[in-house]
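**Q** Sharing a structure, written as structure tokens. Questions coming.
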Amino acid sequence: MADEINPILHWAPRVLGILFLLFSGMFAFDVFEKGFSLMALLGFLLHDPYPVLILIALLIAWKKEKIGGIVFLILGALIAIRFYSFLPEASGVIFIYLIFIGPYFLIGILFLIEGIMKEKSRNV
């Protein structure tokens, strides 16, 4: 079925998801300043849970595009609400939202479009 879908549409959300995972994970590496340990690894996972959430959403979306797209959109909405509740003064700075929250919506929409197109090609 993936042969009937444009390869760019198929790979774009996956590559963007991996890049966004690496980008968001980069912010949690400061826990390893004093060296690697089990506590540092636990701190890494707890300090910034977003890469773990992105990884889970990406694993779901890899095979179930529509479900994964919805998961990315829900994550984007929940993180936007959480982000606003902690940083209400940043609400006027759209650039901050675009960098940290926009990719969830972009990736989610791309996965949804691919899932819908795959579904339509199966029904034809």
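The values are calculated or read from the model by the stated rules, or taken from the named source; none is laboratory data. Only a predicted model underlies this, so the values are computations on that prediction, with no experimental measurement involved. We place every Cβ from the backbone using ideal geometry, glycine too, and count neighbours over all the protein chains shown.
**Q** Within the stretch 14-28, is there a residue that is at pLDDT 90 or above, in contact with a Pro (Cβ under 8 Å, 6 or more places away or on another chain) and either under 27 Å from R122 (Cα atoms) or not in a helix (DSSP H, G or I) (or both)?
**A** For the stretch 14-28, residues at pLDDT 90 or above, in contact with a Pro (Cβ under 8 Å, 6 or more places away or on another chain) and either under 27 Å from R122 (Cα atoms) or not in a helix (DSSP H, G or I) (or both): present.
**Q** Can you list residue pairs whose Cβ atoms sit under 6 Å apart, with the first residue in the stretch 34-45 being touching a residue at least 12 places away in the same chain (Cβ under 8 Å) and the second being surrounded by 12 or more Cβ atoms within 10 Å (Cβ to Cβ)? Count only pairs 6 or more apart in sequence or on different chains.
**A** If the second residue must be surrounded by 12 or more Cβ atoms within 10 Å (Cβ to Cβ), the pairs left are G43/V31; F44/A28; F44/V31.
**Q** A further question follows. When you go through (1) among the β-branched types (V, I, T); (2) without any contact (Cβ under 8 Å) to a residue 24 or more places away in the chain; (3) closer than 15 Å to G108 by Cβ one by one for V52, which number turns out not to apply?
**A** Single failed check for V52: (3).
**Q** Consider only pairs whose beta carbons are under 7 Å apart and that are at least six residues apart or on different chains; among these, list those whose first residue lies in the stretch 64-78 and is closer than 17 Å to L98 by Cβ and whose second residue is part of a helix (DSSP H, G or I) and of a type outside the set (F, W, Y).
**A** F72/A57; F72/A61; F72/I107; F72/G108; L73/G108; L75/L53; L75/A57; G76/G108
**Q** Restricting to the stretch 91-110, name every residue that is closer than 19 Å to Y50 by Cα and at pLDDT 85 or above.
**A** Scanning the stretch 91-110 gives I101, G102, P103, Y104, F105, L106, I107, G108, I109.
**Q** Let me ask you something else. Say whether the condition of being closer than 14 Å to L16 by Cα, surrounded by 15 or more Cβ atoms within 10 Å (Cβ to Cβ) and in contact with a helix residue (DSSP H, G or I) (Cβ under 7 Å, 6 or more places away or on another chain) is met by at least one residue in the stretch 42-54.
**A** yes
**Q** Moving on. For the subset of the stretch 7-41 comprising residues that are touching an Asp or Glu at 6+ places or on another chain (Cβ under 9 Å) and either loosely packed, with under 11 Cβ neighbours inside 10 Å or of a type in the set (G, A, S) (or both), which member is farthest from L73 (Cα to Cα)?
**A** If we take residues in the stretch 7-41 being touching an Asp or Glu at 6+ places or on another chain (Cβ under 9 Å) and either loosely packed, with under 11 Cβ neighbours inside 10 Å or of a type in the set (G, A, S) (or both), then A40 is farthest from L73 (Cα to Cα).
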